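Working notes, beginning with the structure itself.
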Amino acid sequence: SERPQESPAPARPEAVPEPSSKALPKVAVVVDDLGYAEPELVTRLCAQPVPFSVAVLPFLPHSRESAEIAHARGKEVLLHLPMEPLGYPGPGRNPGEGAILFDLPEREVRARVRRALLEVPFRRGVNNHMGSRITPDRTRMTWVMEEIRAAKCFFVDSRTEKDSVAFDVARALKVRAVQRRVFLDDVRSFPEMEKQWERALALARKEGEVLIIGHVYPESVEALERLVSRSRGEVRFVSAGELAR
């Protein structure tokens, strides 16, 4: 039977819609040092079902294959450009073949950037590998950044040196750029990586976005599998290029 008519209820405020994924804080993960790692580990890394970026070192046994694996799985590819660190050529301070060294003339620096760019297929951006001697130097970073601009790439300042001017030089030259805020795996234990991950998420919630850099260590790949899966829905994973401006 029909219900008796009731007087209309007072208008209630509309329910607040659930935040769309676009409103969530953005997290860009960059995984460095591909090129050394075996293709199986790169394939496992790139099986993650979210956007992120990989940075590939040039002139290594697996450089090209790593870029191809990542690109085929929809991940953004960066050139991980080797640059001289402070303390070079001391132990653990070798940036690798084709590195941008402080004492090289301008012509050779530019040629090395161009050669490295050609070594990594599908690259859309560049970030520095080491470089604590180069990134604080405005003159050398200008040479490097002009070549990056000519290649129509963006730049991620890995911030391996607190006095880096790389981001400022990029902005001055109208190269889209973004800076690393957190390193995931300075210590390769899961509790330490989890702590850095939570730090990154807190920054993302506060500032709207964050870029975190890890490395293609087996321990880091395993940690990312756990951390990414539990953070889906809390944040929106994006490529580094989406944060570069």
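The values are calculated or read from the model by the stated rules, or taken from the named source; none is laboratory data. Computed from a predicted structure; not experimentally measured. In this analysis, Cβ positions are derived from the backbone assuming ideal geometry, glycine residues included, and neighbour counts consider all displayed protein chains. Heavy atoms of the whole protein, side chains included, go into the accessibility calculation; ligands, DNA and RNA do not. Shrake-Rupley method; radii C 1.70, N 1.55, O 1.52, S 1.80 Å.
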- How big is the accessible area of residue 217 in square angstrom, nearest 10, if you roll a 1.4 angstrom probe over the protein chains? 60 Å²
- Message: How are the alpha carbon pair distances in the range 111-181 distributed across 5 Å bins from zero to the largest one, expressed in percent?
- Response: 3, 18, 32, 27, 16, 3, 0
- Note on the structure: So for R0 = 25 Å, FRET eff. of residue 97-residue 122 from the Cβ-Cβ r, to 0.05, ends up at 0.75
- Relative contact order %, the chain, counting alpha carbon pairs below 8 Å whose residues are six or more apart: 25 percent
- Message: Sort 152-160, 58-66 by the packing proxy (mean of other Cβ within 10 Å over each peptide's residues), most packed first.
- Response: 152-160, 58-66
- Message: Taking the solvent-accessible surface of protein heavy atoms with a 1.4 Å probe, what is the per residue accessible area of the range 47-179 in Å²?
- Response: 44 Å²
- Order by accessible surface, 1.4 Å probe, largest leading, for residues 43, 135 comes to 43, 135
- Could you work out the relative contact order of the range 126-245, using alpha carbon pairs under 8 angstrom and six or more residues apart, expressed as a whole percent? 23 percent
- Item | Cα-only radius of gyration and Dmax that characterise the range 170-245, units Å | 13.2, 40
- Query: Which whole-number value in Å³ per residue fits the convex hull of the alpha carbons of the range 30-176?
  - Reply: 102 Å³
- Query: Within the accessible area of the chain, what % is carbon and sulfur when the probe is 1.4 Å and the other protein chains stay in place?
  - Reply: 50 percent
- Item | Stokes-Einstein translational diffusion, the chain - Kirkwood Rh over all Cα pairs, 1.002 mPa s, 20 °C, in µm²/s | 112 µm²/s
- Message: Can you tally the lysine pairs in the range 89-229 where the Cα-Cα distance is under 25 Å and the two residues are eight or more apart, or on different chains?
- Response: 5
- Task: Specify the inter-centroid distance of the range 42-105 and the range 133-207, based on alpha-carbon positions, in whole Å.
- Result: 14 Å
